[in-house]
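In what follows, a single structure is set out as structure tokens and then discussed.
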Amino acid sequence: MILLTGYQITEQIYSGINTAIYRGIWEQENLPVIVKTLKSEYPTLEEITRLRHEYKIRKNLRNIETIVNSYRLETHQNSVALTLEDFGGLALSKLLTTQKIKLKHFLEIAVQLAQSLGEIHQNQIIHKDIKPHNIIIHPETYQVKITDFSISSRLVRENASPSYPNLLEGTLAYISPEQTGRMNRAIDYRSDFYSLGVTFYEMLTGELPFNAIDPLELVHCHIARIAPAPHSLKPEIPEAISAIVMKLLAKTAEDRYQSADGLRFDLETCLAQLQGSGNISDFTAGNADRAGQLLIPQKLYGREAEVAALLSAFERISGVEPPQPPLAKGGLSELSQSTGEPPQPPPC
């Protein structure tokens, strides 16, 4: 337990690598609070700056009821402590370990998450770490709020730098392909939709879309592999809901939902059908979706021949194993003029 002037700390509810989270009472206001602190006795400037950054982000979002709002940033010994509202909720990750979420409750939670993300994005903020640990749910009312804005960005678009998997911002099991920094694509608000898709997948099936242990293999899965559709793992999941999840998990941002409103419309349609008839009919996911922001597509158009030539050359040089001198690595190489014709293989 920590000693924080003006607060009565009652229990520790989370302990991570760098942070610890407590539940307590703000004595001056007689309010239940969540207290987030840094674990190190002498935290680095980067750790303190990140907590201050989170406070500033939350302060700008105080008009949004679907996020966990902040109260104060307190000085605590050699560090700082962030005090947050406590509405009696539990992390979705903890809820998933104790009970199976019914389809109706899943849709009710999903609708609220879509609304919350929409409001966050309208304020020009990318969350960048949507996952069950950062989704707080009241166990009785199923009220939902999003928390942890420590790595959130106020930029409409930003570039991720290639880095070792353990140094990437976000949580590796939930990050979008572009957030890995290995796709030469900028991060925008649609990155949150991919992470939300991973979260939905876990809520519905009880497992992650990719279960690789090696970090580099997991990065490869996010970039190149297609996860099995949820209804193929759990046949009781309606195909319409499965299609929504798979659209969120699209590898390129242009193929995902383009707005939280479009996602929310599809989820509310499913919920209305389930409540009305007990069944959910198939429909085209994203049919009512419209772009939430003006973004220039990052796809390549009209370059099919050139892309095919590059892939063909890659297959040739990677599939040949010529004699190598000691300590030499790699395959053959090719160089071709951009004539539109595929390069020819080198003579044997």
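Would you grab the residues whose amide H sits under 5 Å from the one on Arg72? Only those 5+ places off in sequence or on another chain, please, with H modelled 1.01 Å from N.
Thr83
Mind giving me the nanometre distance, one decimal, between the label points for His105 and Ile213, set 7 Å out from Cα along Cα→Cβ?
3.2 nm
Can you give me the distance in nm between label points at Gln122 and Ser232, each placed 7 Å from the Cα along the Cα-to-Cβ direction?
Output for this residue pair reads 3.7 nm.
Give me the net charge for the shell around Lys36: Cβ to Cβ below 10 angstrom, other residues only, Lys and Arg +1, Asp and Glu -1. Intermediate results must be reported in sequence, preceding the final value.
On the way: positive: none; negative: Glu54, Asp148.
Taking every other residue near Lys36 into account, the sum is -2.
Taking a cut-off of 16 Å, what percent of all Cα-Cα pairs in the stretch 7-85 are separated by more than that?
50 percent
For the ranges 176-184, 139-147, what's the packing order if you count other beta-carbon atoms within 10 Å of each residue, average per peptide, and put the highest first?
Per-residue mean Cβ counts within 10 Å order the peptides as 176-184, 139-147.
Give me the extension gain from Leu31 to Thr97: residue separation times 0.36 nm, minus the current Cα-Cα distance, reported in nm with one decimal.
20.9 nm
Quick one: net charge of Lys131's neighbours, Cβ under 10 Å, K/R +1, D/E -1?
Spelling it out: positives minus negatives among the neighbours equals -3.
Testing the spin-label approximation: label points 7 Å from Cα along Cα→Cβ at Thr5 and Asn69. State their distance in nm.
About 2.7 nm separates the two model spin labels.
Name the lysines eligible as straight-distance cross-link partners of Lys56: C-alpha to C-alpha under 27 Å, and not fewer than 8 places from it in the same chain.
Answer for Lys56, where 27 Å is the Cα cut-off: Lys36, Lys39, Lys128, Lys131, Lys145, listed by chain and number.
Would you work out if the stretch 17-166 is rounded, prolate or oblate? Take a ≥ b ≥ c from the square roots of the eigenvalues of the alpha-carbon gyration tensor; rounded if a/c is under 1.5, else prolate when a/b is larger than b/c, oblate otherwise.
oblate
Let's test the formula: R0 of 35 Å, r as the Cβ-Cβ distance of Ile223 and Tyr42. What FRET efficiency results, to the nearest 0.05?
It comes to 0.35.
Only sites in a loop by DSSP and with at most 11 other Cβ atoms within 10 Å count here; which GluC sites (Glu not before Pro) in the stretch 183-242 make the cut?
Passing both the DSSP loop test and the Cβ count: Glu236.
Tell me which residues come under 5 Å, amide H to amide H, from Leu90 once H is placed; ignore anything under 5 positions away on its chain.
Distant-sequence amide H within range of Leu90: Ile137, His138.
Bear in mind these aren't lab numbers, they're just calculated from the coordinates by the rules spelled out. Keep in mind it's a predicted model, so treat the numbers as computed, not measured. Heads up, the Cβs are rebuilt from the backbone with ideal geometry, glycines too, and the neighbour counts pull from every protein chain shown.
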